[in-house]
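Reviewing the structure listed below.
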Amino acid sequence: MLLFMHTTFIGIDPTAGQRPITYAALDADLRLLALGQGDMNEVLAFVGGQRQAFVAISAPQRPNKGLMAKSEVREGLSPKPRPGRYTNCRLAEYLLRQQGIQVYLTPAKAETCPTWKRLSFKLYKRLEDLGYRLYPQDESALQYMEVYPHGCFVVLLGRRPFHKHTLEGRLQRQLILHEAGLDISDPLRFFEEITRYRLLQGILPLEWLHTPEELDALAAAYTAWLASTKPDEVILLGDPQEGQVVLPVAQPGKSQSSPGAE
């Protein structure tokens, strides 16, 4: 861990579309250094100011390269996809779905991708312009990687969590991260602050809980920390040509419930 004492681990969640990008930064002891929102230039100013950093972005690196349409690729998969299925997506996305993790598929043409994916393509390019290199690199002090927070929560929990925009989903995700060692508020304090009067008045102590976007950014930052400090405890799914997704487990197993949305 001494090698990473001055390294910052940053998670970026650009999936809100037109809304500000959410980012989180942790130190080597998983203490929260920063948690905020901004446009791309503001986020890149923060990232560009780091001397040593691992950045995890919760969005695809690029459109698919047509690998899943090639017979030689499909024949090598287990289970092999049915004819005509999964021909216009990235290999990583097919493999995630085989782990029981629902994920949006990325088409081959950037112009047919949703706004937040096109934003992420630009974000990766800007990181490379700042000197960041694709993980894993042996010597680079600045590295980036692609992560999928929903998948991270699925494998850390061992099953599909509650939807992230529900109260129980936020509590569950924050508890997962708190128990993983992140220095964030124990979400169970939420229940300590509930009184009969507050509940009847509809006043909930939400100040103890992070937003869904913050939780996704924190999960991405945690995965960056794990990938850099404990690389044996992560796995990379997919092909480097299209972008590999880093998951925070060495050997992910099938989730205990059927695939589902976030």
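Figures for the structure shown
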{"quantity": "Checklist (1) part of a loop (DSSP other than H, G, I, E, B); (2) without any contact (Cβ under 8 Å) to a residue 12 or more places away in the chain applied to Arg118, failing item", "calculated": "(1)"}
{"quantity": "Residue match in segment 20-37 (condition: crowded, with 19+ Cβ neighbours inside 10 Å, of a type outside the set (Asp, Glu) and over 29 Å from Ser185 (Cα atoms))", "calculated": "no"}
{"quantity": "Scope segment 161-183; condition under 17 Å from Leu226 (Cβ atoms) and surrounded by fewer than 19 Cβ atoms within 10 Å (Cβ to Cβ); matching residues", "calculated": "His178, Glu179, Ala180, Gly181, Asp183"}
{"quantity": "Residue match in segment 136-145 (condition: small (Gly, Ala, Ser) and open to solvent by 50 Å² or more (accessible area, probe 1.4 Å))", "calculated": "no"}
{"quantity": "The listed residue being among the hydroxyl-bearing types (Ser, Thr, Tyr) and in contact with a Lys or Arg (Cβ under 6 Å, 6 or more places away or on another chain), out of Thr106, Thr112", "calculated": "Thr106"}
{"quantity": "Of all residues making up segment 146-160, the number that are outside any helix (DSSP H, G or I) and open to solvent by 10 Å² or more (accessible area, probe 1.4 Å)", "calculated": "4"}
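The values are calculated or read from the model by the stated rules, or taken from the named source; none is laboratory data. Note that the structure is predicted; figures quoted are calculated from it, not measured. When we count neighbours, we look across all protein chains shown, and the Cβ atoms used for this are built from the backbone with ideal geometry, even at glycine. The area values use the complete protein model at the heavy-atom level, side chains included, leaving out ligands, DNA and RNA. Shrake-Rupley method; radii C 1.70, N 1.55, O 1.52, S 1.80 Å.
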